[in-house]
Structure formats: structure tokens, C-alpha cells
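What follows is calculated from the coordinates using simple rules that are stated; it is not laboratory data. Nothing here was measured: the structure is a model prediction, and the numbers come from that model. Cβ coordinates were reconstructed from backbone atoms using ideal geometry, including for glycine residues, and neighbour counts include every protein chain displayed.
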Amino acid sequence: MPLATKLTAANRHDVTQLIPLVDAIPHIRGRRGAPLRKPPAVMGDRGYDSQPHRMTLSGRGIRPVLARRNTAHGSGLGVYRWVVERALSWMHQARRLRVRYEKRDDMHEAFMTIRCAMICWSLLHEGFC
């Protein structure tokens, strides 16, 4: 289920958007009376690997599960990462998001929000959660 989305320029590197995306995640409901304020862990591929970001996430109490650069494949993240890739695939099923036709950012963000709502609706309707 998509927790947060950020619209950026096409030429922005992923690692520059890691912390703003984590900040965009709303409060997560936990046990009654004690809602979670942050996710317990953040998973990412090699594009997100940087020591300052690992330290920032650790300082916030979030466990960084990021694949290391210049290491052999087989980190084991693929067992969990497929969920993210599936969500991206569902977002790109909407032709308007796969190829950007809107010139205005607010219109494109609106279509992203609508698509996220459709994904959430289909997951709740089919009982995946």
C-alpha cells in the first residue's frame, strides 16, 4: 500500500529524495493509544546507499535496510523489495502517470493521488491488508 509519494524532476537522483519521502509518511496506526510516528524500517536498493542517510535514519529510530554499493548481488532484499516494484508497476498502469502529459505539477500530483487511492481501494476490497 503506498504510504507517501513525492513528485520531482526527472533528473533528480533518488538519494536526494530519501529523507523528504520519509518525512512525507503520515503517522502510522499502531497499538491503541500508542500510534507509530515513523516506520520501523526503510528498505531501498543501491541507489539509496549513503552513510549520511544511514546515520540520519538511525538517528530517527528507523532501521535502514539498504543494499550496499560495490557488493555482490544477493543481498536478500529482493525477498521484500518486490512489494515496492509491484506498487510502482500498479502506478504505471495508469497511462497518464507512465507518460507525463500535464505541464502543471499540481495536476500530475492530483493524478498520482487518485491512482494511490485506487490502489488502496483495490487492496482493501480484495482483502490483502
Where labels lie 7 Å past Cα in the beta-carbon direction, separation of Val99 and Ile25 in nm: 3.5
Running a GNM on the chain with Cα contacts under 10 Å, which residue among Gly61, Gly33, Gly47 ends up with the highest mean-square fluctuation? Gly33
Simple spin-label estimate for Asp14/Asp106, 7 Å along Cα→Cβ, in nm, reads 3.2
Rounded to the nearest 20 debye, what is the charge dipole size of the range 14-126 about its Cα centre when +1 sits on each Lys and Arg Cβ and -1 on each Asp and Glu Cβ? 260
In the range 80-129, which trypsin sites (Lys or Arg not before Pro) are in a loop and have at most 10 other Cβ atoms within 10 Å, using DSSP for the loop call? Lys103, Arg104
Under 10 Å, Cα contacts only: if you run a Gaussian network model on the chain, which one of Pro52, Pro64, Pro26 comes out with the highest mean-square fluctuation? Pro52
Ile114/Trp82 FRET efficiency (R0 22 Å; Cβ-Cβ; nearest 0.05): 0.35
Hey, if you put +1 on the Cβ of every Lys and Arg and -1 on every Asp and Glu Cβ in the chain, which of Ile19, Ile119, Val99 ends up farthest toward the positive end of that dipole? Ile19
